[in-house]
Every structure is written in C-alpha cells, then in structure tokens.
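The values are calculated or read from the model by the stated rules, or taken from the named source; none is laboratory data. If you're wondering where the values come from, they're calculated on a predicted model, not measured in any experiment. Note that we place each Cβ from the backbone using ideal geometry, even for glycine, and neighbour counts take in every protein chain shown. The protein model used for the area step is the full one, side chains on, heavy atoms only, and it has no ligands, DNA or RNA in it. Shrake-Rupley method; radii C 1.70, N 1.55, O 1.52, S 1.80 Å.
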Amino acid sequence: MTPERWRHIKQIFQAAFELPPAERSAYVQQACAGDGELRAEVESLLLSVEEEEFLSGAAAAYVPGALADEAWDRNIGRRIGAYRIVRQIGEGGMGAVYLAERADEFQQRAAIKLLRAGMDSRGIVTRFRRERQILAGLDHPNIARLLEGGTTEEGRPYFVMEYVEGEPIDVYAARRGLGIKERLRLFQQVCAAVQYAHQNLVVHRDIKPGNILVAGTSGGPGVPKLLDFGIAKLLASDVPRETIGLTQAGLRPMTPEYASPEQVRGEPVTTATDVYSLGAVLYQLLAGKAPHDFQSSSPAKVERVICETDPRPPSQVAGEPVARQLRGDLDTIVLKAMQRDPRRRYGSAEQLSADIQRRLDGRPIQARPQTLVYRAGRFVRRNRVSVATAALVMVSLTAGMTAAAWQAHIARAQRLRAEKRFNDVRQLAHTFLFDFHDAIQNLPGATPARRLVVDKALEYLNGLAQEATGDQALERELAEAYLRIGDVEGNPRVSNLGDSAGALDSYGRALAIAERAVRRDPQALDWQRYLARAHLDVGDILAPRSGPAAAVPHYRQAVRIFQTIASHVAQDLTAQFEMCSAYESLGDALGNPGLPNLGDAQGAEDAYEKARSGEATIAAAHPDNLRSRRGVGAMDMKIGDVEMGLGQVDAGLHHYQSATQVFEMAVARDPLNPTTRLLLGLATGKVGSALEAAGHTPAALAQYRKASDIQRALMEADPRNEQSKNSYALSLQTCARLLSKTGDRAGALALYREALGIFQQLLSADPKNPRRQARCAETMAAIRALAAANGK
Amino acid sequence: MDSHPSPPGKVTGLLLELSGGNRAVVDEMIPFLYQELKRIAAAQLRQERPGHTLQVTALVHEAYLKLVDQRQDNWRNRAHFSGVAAQIMRRILLDYAKGRARGKRGGDIRKTSLDEALVVSYDRAFELVEIDEALQRLETFDQRQAKVVEMRFFGGLSVQETAEALGVSEPTVKREWAMARAWLRREISAA
C-alpha cells in the first residue's frame with residue numbers, strides 16, 4: 001500500500017463514514033469514478049466497521065497474566081554485568097531467562113539466566129568459580145557458550161550465555177515436517193556436541209528438547225545448539241546423595257520426561273545419564289511423544305514410572321507410516337540408549353551416534369534387541385526386593401529348560417533348536433552370575449541368595465561342560481566364573497562374603513582349568529591371561545591369610561606371565577596394567593614397611609621400579625591416561641618409603657621429590673581432579689618429612705606449608721567432606737610442630753588454635769567419636785604446653 | 001548492577017524535552033515507565049478481588065502521579081506522558097503475548113521441572129500478536145492512525161485523552177479510530 005493510495009482510500013472512506021449508512025454505497029460508487037478496485041477496498045472497510053466487537057476491549061484483557069507477574073518486572077532495563085536486560089524470553093522453576101544486550105558499544109546480544117532469590121547462592125557461585133574455566137572453554141558449534149556469571153547486588157546468581165534464536169528441536173522438526181533421516185542427522189549433531197563436552201569432562205544433566213534450539217536458517221539445514229551445558233551441576237546442591245529423598249528432587253534441576261532413573265533417585269550423575277536423556281530426546285523426535293506418560297505429577301509416582309518401567313518402543317507410539325520406519329533398528333537404538341541400568345546403555349554419545357550412522361548407511365547396528373536372557377536379567381532387577389522368590393522362580397525355570405535342552409540335543413532333527421537352548425541356558429548361567437548377583441549384592445541380608453545364585457550358576461556351567469567337552473569357549477566361561485565366584489566369596493578389593501577359604505578354593509579351580517588349557521596350548525594368550533589373573537588373586541588371598549611368604553611365589557608367576565603377554569602384544573594396555581598391579585603386590589609382600597613383609601627391601605624396590613616403568617610406558621603412549629601417570633608417582637612414593645625405612649634419607653627425598661613432580665604435572669593437566677591433588681599433597685608432605693629427618697627444619701616447614709595449602713584448597717572445594725577437613729587440620733598440626741621447633745611459638749599457637757577449631761567442629765558433629773575426642777585433647781595439650789612455655 | 005532511580009525531576013525533564021519536540025527522549029523514559037507500570041499493575045491486582053479487570057487508564061494515571069513532578073503538571077505533560085505510556089503498555093503486553101504465543105504455536109506447553117506447577121490459563125495472546133503485526137503494517141503508511149490505535153487500544157486512553165496527546169480534534173480521533181479498526185479487522189480475517 002502506498003501512502004498516496006491510502007490517502008485516497010481514507011478520503012472517500014471518511015466522507016462516507018460521516019453519512020447515514022443507507023447513503024454510503026451510492027456515495028462511494030460516485031466518488032470512485034469507475035475505479036473498481038478502489039471501490040471494493042472502501043466498501044470492504046465500510047463493511048468491517050460495523051463489527052463493533054472488534055478492539056472494543058482493552059489490549060490488556062487479551063493477556064490476563066501480563067501485568068500480574070511481579071517477579072520479573074523490576075529486571076527489564078536493569079544492568080547485569082556488562083549487559084542490559086531487554087525482555088524476558090523464558091521462565092522456569094529455577095528462575096527466568098532474559099534477552100540482554102551489551103551495555104557498551106558492542107551491542108552483542110546474550111541470554112541471561114537469573115536465578116530465583118533464595119536458592120543456594122553461595123554454593124552455586126563457589127561451584128561456578130570452580131568450573132568457570134572449563135565451561136567457558138567449551139567451544140563447539142553446537143554448544144551455546146557460557147560468557148560470564150556472578151551474583152546481582154541482592155545476591156541472586158546469574159549466568160550470561162550466548163543468545164540462540166530458534167525453536168526446540170522437536171518443534172522445529174515437526175513444523176518443518178522433517179523426515180526420519182533428516183531428524184536422525186539433526187540429532188547426530190546433538191550427539192557430537194554432547195560427546196565433545198564429555199571429553200572435556202562436562203556432563204549436561206538436563207538434556208531435553210527445550211535445551212536444544214535449532215536456528216531456522218532459510219534454505220540450509222538447521223543447526224542445533226545445546227543450551228545450559230554444565231549449569232545443572234552448578235545448581236545441584238552438594239547434599240550427599242543418601243540424604244536427598246525424592247521429595248527434594250525439585251531441588252535438582254531436571255526434567256522428568258527426560259531424566260534417567262539414577263537421576264531421579266539422586267544417585268551420582270555420569271556421562272551415561274546424558275546418554276539416557278539423549279535417548280529420550282530421540283524418542284520424542286521419532287515417536288512425537290515423550291517416552292513416559294506420567295499419570296500423576298506426584299514425585300513418588302513419577303519416580304516409580306521412571307525407575308520401574310520401560311518406555312514402549314517408539315514404533316508402538318507413533319502412527320503409521322512412521323511406525324513402520326521405526327520398527328526394528330530404531331526401536332532398538334532408542335531403547336538401548338534408555339536402558340535403566342547405565343551399564344547397558346551406549347558407552348558414549350559417540351557410540352549412539354555411530355549406531356544411528358550404521359542405520360542411515362543400511363549396515364547392521366550394534367545394539368541388540370532384548371533377548372529372553374536379557375529380559376530375564378531385567379526381570380531380576382525389577383524384582384530385586386523379593387529377591388529370594390525371584391531366585392527360586394529363576395532356578396525352577398532354568399531347571400526345566402535344561403532338561404528340555406538335553407532331550408532336544410539327542411534329536412538330530414532338532415539340533416539347531418537344541419543349540420539355541422544350550423546357549424540360552426549358558427547365558428542364563430551368565431546372567432545369574434553377573435547381573436543377578438550384582439543386582440542383589442548390596443541388599444542387606446542377601447548373602448544366602450547370593451550364595452544360591454553363585455552355586456546354581458556354577459552347577460549349570462559344570463553340567464554344560466560335561467556335555468560339551470573340549471568346548472574351549474565354555475571352559476573359558478568356567479574359568480571366568482570361578483574367578484568371579486572367588487571375588488564374591490572373598491576378594492579383599494570388593495564387597496565379599498568374607499569366605500577366604502572358599503575364595504581360595506574357587507581361585508584354585510580357575511587356576512587348575514587355566515593351567516590345563518595352557519599345557520594343551522602354550523601359545524594361547526587368553527589362557528595365559530586367565531592363569532596370571534588366578535595367580536594374582538590367589539596371592540591376594542594368601543598374603544593376609546598365610547603371610548607374605550605364601551603369596552610371593554604366586555605374585556612372581558603372575559608377574560612373569562603378564563610380562564610375556566605384554567611383550568607379545570605391544571598395544572595390550574590391560575596386560576600392562578595387570579602387570580603393574582602384580583609387581584606392586586609383589587613389592588608390598590617383599591618389603592613395604594607399612595605391611596607385613598619379607599624384609600626384602602631390595603626386592604621390593606626392584607618390583608616397584610618395574611611397576612613404575614610399566615606405568616611410565618603406558619603414560620608415554622597414552623598421555624591422557626591419568627591412572628598411569630599417577631601410578632608413576634605412587635610407585636616413586638613407595639620406593640621412597642622403602643628407602644626411608646632403610647634410613648636412606650637422601651634417596652627417599654629424591655623419590656618423594658620425583659613423585660611431587662609427577663603429580664604436579666598431572667595437576668597442571670587436570671587441575672580439578674581431587675584425587676590427583678590429594679596425591680600431590682601427600683607427596684609434598686612426604687618431602688617435608690624426609691627434609692625434617694635430614695635436619696633441614698626450615699625447608700621441611702616450607703614443604704609442610706605447601707602440603708597444608710593443598711589440603712586447604714581441597715577442603716574448600718568440598719566443604720562437606722569431613723575427611724578433607726581432618727586432613728587439613730592434621731597438616732596444620734604438623735606445621736605448628738615445626739614452627740615451635742624453630743622457636744616461633746606465637747605462630748605455632750595460631751596454627752594449633754586453627755586446627756583445634758576444626759577438630760572441635762568435627763567433634764560436635766560426632767561427639768562420641770573417640771578418635772575425634774583424642775585429636776581435640778592432644779591439640780589442647782599442645783596449646784597448653786606452648787602457652788606455659790610462653791608464660792615463662 | 002544499576003538500578004533505575006526514578007526521581008520525578010528526571011521524568012519531568014524528559015517530558016519537557018518531549019514537548020519541545022525531542023522524540024529521542026522517549027527511549028530514555030521507557031525503562032522507568034516499564035518498571036513503574038508493571039509494579040503498579042501488580043500491586044493493584046494483588047489488592048483486587050479475583051476476576052477484576054485492570055483499568056489501564058487508572059494505572060497510567062497512578063504512574064504519572066508517581067513519576068512526574070506535580071508542580072509541572074499541565075495537560076500537555078499529561079498527554080505526552082499518556083502517549084509514551086501507551087507505547088510502553090504495548091511493549092509490555094506484546095513481550096508477554098509473544099512468549100505465550102510461542103509456546104502455543106509449538107503446540108505444547110511442556111511440563112518442565114518437577115517443582116513447577118503447570119499453569120494454563122485461557123488467553124488470546126496469539127490474537128494480540130496478530131493485531132500488533134497488522135498495526136506495524138499500518139504504521140508504514142499512516143502513522144497517526146496507528147498512534148490512535150496504540151493509545152486507545154493498548155494505552156486505554158479515552159477519545160479526549162488521545163486527541164490531547166496527539167494534538168488533534170476529537171472527531172478526527174473518532175474517524176481515525178473507526179477506519180483503523182475496520183482496516184485491522186479486515187487484515188486479520190484475511191490472514
């Protein structure tokens with residue numbers, strides 16, 4: 001419409017409007033003078049003018065809530081950090097999200113998440129400071145960047161994030177009418193972003209369509225961006241998980257439709273949690289509905305639905321013709337990502353994406369649909385409370401199947417079926433041994449059931465072994481089973497039944513099977529491996545039970561075999577690791593001053609050296625392998641311990657220093673890892689003790705102070721951890737002791753007092769704890785002694 | 001963080017500049033008015049019984065009393081203030097309506113976190129967004145007429161107040177209003 005044309009229309013319209021309605025038409029016809037278009041235009045406007053309802057109310061009545069919400073009104077136009085808030089773009093339980101613009105000349109837009117007043121601001125800000133570098137460092141085309149964060153003057157935490165204009169991924173896909181393949185490709189980009197973040201040790205924790213916005217570029221394919229990476233963790237409270245009941249689930253930011261069972265239960269969140277949520281988003285994208293339909297919004301019911309039911313396969317939810325495309329592979333992929341047991345999900349977002357790629361390429365996917373055996377395992381887990389009943393049901397079920405398998409085996413015509421059943425029985429035994437046992441392991445009073453499970457599994461395996469002699473795979477399974485049973489019975493490194501005699505027997509059987517197999521085929525490295533493992537396990541049982549002398553020969557065998565395997569397969573990391581553990585165990589038995597040992601200091605040092613060089617080899621080949629990097633330092637410390645025990649203070653000092661260097665490098669690589677920092681603190685303290693033993697008091701003090709600083713940082717990073725509080729107070733005590741040795745009584749007194757404060761705090765949390773009572777008493781005694789000396 | 005002090009002198013000064021023809025000061029007034037209008041609205045709604053329909057006119061009046069130095073009170077200041085207030089009401093309502101309309105267009109108002117009650121109330125946010133879009137088109141070829149709609153519909157101003165704010169006669173406002181309604185009505189039913 002041009003202004004001229006409009007003026008013309010307006011002139012005629014307004015003149016006509018002044019006339020009584022009956023005369024208007026004639027006037028318009030005359031005024032338009034044959035311009036039919038003009039006449040039609042004016043007449044249609046005159047028609048519309050009769051509709052008196054239109055615009056008769058106030059605009060405010062169209063949106064009743066617009067003026068009612070006081071919560072955010074004061075924030076529009078407000079300045080936060082370098083930004084000025086323009087308008088609200090979203091609102092949630094944790095607070096509101098605003099569009100903001102930089103207040104300076106850069107005019108950059110951003111989204112600001114302003115949290116509600118009354119949240120755990122201090123905790124959030126502390127966690128934010130801790131994680132800021134990592135989060136700000138996430139640089140990926142599919143991740144919205146975190147720009148800054150802090151608190152407002154009234155103490156409300158806020159985060160400034162890259163502003164993304166787009167629609168939630170499911171809305172985008174629906175509105176554009178994307179086909180299944182397009183949806184999968186879009187989703188793969190999301191997986192790539194999640195994988196990238198996981199590699200940078202950031203878990204999202206709240207992946208949902210609303211956090212995945214797709215910018216609708218004209219023409220080209222949409223680019224999804226993930227919002228809020230790492231934010232959920234900052235918002236999560238530090239309350240230990242045991243004390244978080246479901247009723248408090250609201251404190252944890254998550255979205256029930258996409259939250260994993262471990263998350264709603266308040267259990268630790270890992271990358272597997274994100275894989276689950278990715279699965280749920282994929283479900284939504286493919287089926288058009290969220291995976292779970294909560295009948296009720298009561299937290300208890302929601303939790304039950306998430307933790308105890310499997311979503312229906314997407315194909316059963318989507319309508320045809322989409323359902324046909326989902327049936328089979330895509331159902332399997334989605335349900336694998338959404339397994340309730342994190343271990344059964346895809347190992348990573350990348351693996352999930354890779355299976356989708358296989359499906360896109362028309363290749364077989366790696367996820368397997370649920371089999372009978374698999375479902376049996378799930379049944380067990382589902383019913384873990386009534387575990388004894390479940391065990392009996394399973395046992396009778398399997399007995400019946402075994403008989404059937406035997407009979408079928410005889411009939412040649414049914415041979416294939418027999419084989420299948422044979423495998424089913426075998427897998428059932430496997431399920432018993434692994435899934436069933438694991439599921440009930442931590443249940444109080446489950447010991448008899450565990451025993452039953454383990455015995456039954458063994459019985460089936462033995463029966464099958466007799467039926468199929470010379471079946472090497474089956475023998476391997478047997479060896480594995482015996483090792484496993486030994487672990488259940490008495491492996492000191494895991495929760496066990498305390499039956500070390502039984503464990504010794506089971507490990508012995510595994511050892512015998514492996515020895516037989518190795519005699520038959522000395523080249524078979526997998527059998528060598530079982531043999532070495534059995535030796536190592538037998539040694540671990542014997543060392544505390546019969547003394548180091550009994551264990552050492554087994555450790556030597558284990559070491560020898562692992563070494564052979566490692567030398568045959570250069571890239572065999574597992575063998576390298578296992579060799580290092582065997583050397584370490586050998587060193588401990590020969591001469592670790594902190595354990596019962598054979599007094600063979602030289603032998604111990606040699607063994608530790610071997611372990612050290614093994615770890616160093618792994619670390620050199622795999623610079624990211626933190627465990628081995630730390631292993632090098634740990635062995636340095638153990639060597640230092642042996643030397644200090646021999647009175648070789650200089651050599652001990654040297655090894656302790658070398659350990660600190662190793663840990664310092666590891667800390668530099670991964671500054672937030674608490675274990676690494678703890679080891680650095682430990683090694684630094686040991687350097688101090690060696691210096692003290694050598695008579696270098698001021699140098700020792702400097703090291704103790706350094707160690708103490710590390711302890712303090714650890715304590716501050718994890719304020720609820722009593723262990724780290726205690727360690728820090730102990731380090732203060734050590735520093736105080738040295739200070740008073742140098743004559744600085746005032747300094748010593750100050751540190752003792754600080755230590756006393758912490759010990760008293762710990763004591764008040766657990767007033768009957770005798771160790772805590774003793775700590776307080778000894779610190780007070782030291783303070784009194786110093787004060788008395790000062791008074792003189 | 002800055003907050004916005006709102007001394008009457010400041011807004012009054014801006015109003016005087018506006019009377020002097022400086023349209024740019026409107027931008028400076030927006031933050032004050034935006035906050036103040038919403039605050040007053042919320043306070044009024046809290047006091048009123050449920051179902052009460054908010055009188056935008058009363059709201060603007062209260063804001064005026066609060067923000068403008070009453071020694072400088074005159075019809076011209078009041079009219080300008082009302083004009084700016086209408087503009088801001090439009091913004092407030094549209095910001096809100098767009099948020100809601102977006103949710104609707106997606107076809108699903110999602111339940112989000114466990115701790116969030118799902119509140120769905122019937123509103124015509126989408127219609128309001130459509131009206132605003134049509135009004136933006138009208139602005140491109142008839143600014144005065146669009147202003148009339150902004151003041152009458154969004155600002156809740158009477159014919160007389162609109163006439164004062166725009167410096168035109170009341171019959172003119174009536175004519176413009178009638179035609180604008182007709183045109184918008186047709187635009188929206190055609191869309």
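The table below gives the values:
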item: Selection within region B:145-163 - part of a helix (DSSP H, G or I) and not charged (D, E, K, R); result: B:145, B:146, B:148, B:149, B:151, B:153, B:154, B:159, B:160, B:162, B:163
item: Subset tally (residues that are touching a Ser or Thr at 6+ places or on another chain (Cβ under 8 Å) and exposed (fewer than 15 other Cβ atoms within 10 Å of the Cβ)) for region A:545-576; result: 0
item: Qualifying positions in region B:131-161 - open to solvent by less than 60 Å² (accessible area, probe 1.4 Å), of a type outside the set (D, E, K, R) and without any contact (Cβ under 8 Å) to a residue 40 or more places away in the chain; result: B:141, B:145, B:146, B:148, B:149, B:153, B:159
item: Yes/no for residue A:760 being modelled with pLDDT of 90 or more and either more than 22 Å from residue A:702 (Cα to Cα) or loosely packed, with under 12 Cβ neighbours inside 10 Å (or both); result: yes
item: Residue A:145 open to solvent by 30 Å² or more (accessible area, probe 1.4 Å), more than 10 Å from chain B (Cβ to nearest Cβ) and within 29 Å of the chain's Cα centre (by Cα); result: yes
item: Tally, over region A:763-792, of residues that are open to solvent by 70 Å² or more (accessible area, probe 1.4 Å) and assigned to a loop (DSSP other than H, G, I, E, B); result: 3
item: Selection count where residues are within 29 Å of the chain's Cα centre (by Cα) and buried (at least 23 other Cβ atoms within 10 Å of the Cβ), scope region A:577-591; result: 2
item: Single residue of B:90, B:110, B:78 found to be surrounded by fewer than 20 Cβ atoms within 10 Å (Cβ to Cβ), modelled with pLDDT of 75 or more and either in contact with a helix residue (DSSP H, G or I) (Cβ under 7 Å, 6 or more places away or on another chain) or more than 14 Å from chain A (Cβ to nearest Cβ) (or both); result: B:78
item: Residue check for residue A:546: farther than 25 Å from residue A:632 by Cα and either out of contact with any strand residue (DSSP E or B) (no Cβ under 9 Å at 6 or more places or on another chain) or free of Cβ contacts under 8 Å to residues at least 40 places away in the same chain (or both); result: yes
item: Every residue from region A:17-49 that is more than 8 Å from chain B (Cβ to nearest Cβ), under 27 Å from residue B:130 (Cβ atoms) and touching a residue at least 12 places away in the same chain (Cβ under 8 Å); result: A:38, A:41, A:42, A:43
item: Inter-residue pairs, beta-carbon under 9 Å, first within 12 Å of residue A:754 (Cβ to Cβ) and without any contact (Cβ under 8 Å) to a residue 60 or more places away in the chain and in region A:721-735, second open to solvent by 40 Å² or more (accessible area, probe 1.4 Å) and not in a helix (DSSP H, G or I), 6+ apart; result: A:725/A:719
item: Contacts under 7 angstrom Cβ, first residue in region A:323-352 being free of Cβ contacts under 8 Å to residues at least 40 places away in the same chain, partner open to solvent by less than 60 Å² (accessible area, probe 1.4 Å) and small (Gly, Ala, Ser), 6 or more apart; result: A:323/A:315; A:327/A:315; A:331/A:315; A:332/A:367
item: Given (1) farther than 30 Å from residue A:544 by Cα; (2) part of a helix (DSSP H, G or I), number of the condition residue A:629 does not satisfy; result: (1)
item: Qualifying residue in region A:593-605 (condition: of a type in the set (Asp, Glu) and at pLDDT 90 or above); result: yes
item: Residue, nearest to residue B:91 (Cα to Cα), within region B:22-47, restricted to residues that are away from every other protein chain (no Cβ under 11 Å) and modelled with pLDDT under 70; result: B:23
item: Residue count for region B:163-181, restricted to those that are in contact with a helix residue (DSSP H, G or I) (Cβ under 8 Å, 6 or more places away or on another chain), at pLDDT 90 or above and more than 8 Å from every other protein chain (Cβ to nearest Cβ); result: 10
item: Check on residue A:217, assigned to a helix (DSSP H, G or I), modelled with pLDDT under 85 and of a type in the set (Ser, Thr, Tyr); result: no
item: Where residue A:224 falls short, out of the listed (1) touching a Pro at 6+ places or on another chain (Cβ under 8 Å); (2) buried (at least 20 other Cβ atoms within 10 Å of the Cβ); (3) at pLDDT 85 or above; result: (1)
item: Those residues of region A:499-518 which are open to solvent by 60 Å² or more (accessible area, probe 1.4 Å) and at pLDDT below 90, in sequence order; result: A:505, A:509, A:516
item: Residue A:60 vs. criteria open to solvent by less than 30 Å² (accessible area, probe 1.4 Å), at pLDDT below 80, within 9 Å of chain B (Cβ to nearest Cβ) and more than 18 Å from residue A:163 (Cβ to Cβ); result: yes
item: Lone qualifier among A:150, A:179, A:155 - being out of contact with any Asp or Glu (no Cβ under 9 Å at 6 or more places or on another chain), within 14 Å of chain B (Cβ to nearest Cβ), surrounded by fewer than 19 Cβ atoms within 10 Å (Cβ to Cβ) and at pLDDT 80 or above; result: A:150
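This table checks each residue for (1) closer than 14 Å to residue A:605 by Cβ; (2) open to solvent by less than 40 Å² (accessible area, probe 1.4 Å); (3) in contact with a strand residue (DSSP E or B) (Cβ under 7 Å, 6 or more places away or on another chain).
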position: A:619; (1), (2), (3): no, yes, no
position: A:622; (1), (2), (3): no, no, no
position: A:628; (1), (2), (3): no, yes, no
position: A:632; (1), (2), (3): no, yes, no
position: A:637; (1), (2), (3): yes, yes, no
position: A:642; (1), (2), (3): yes, yes, no
position: A:655; (1), (2), (3): yes, yes, no
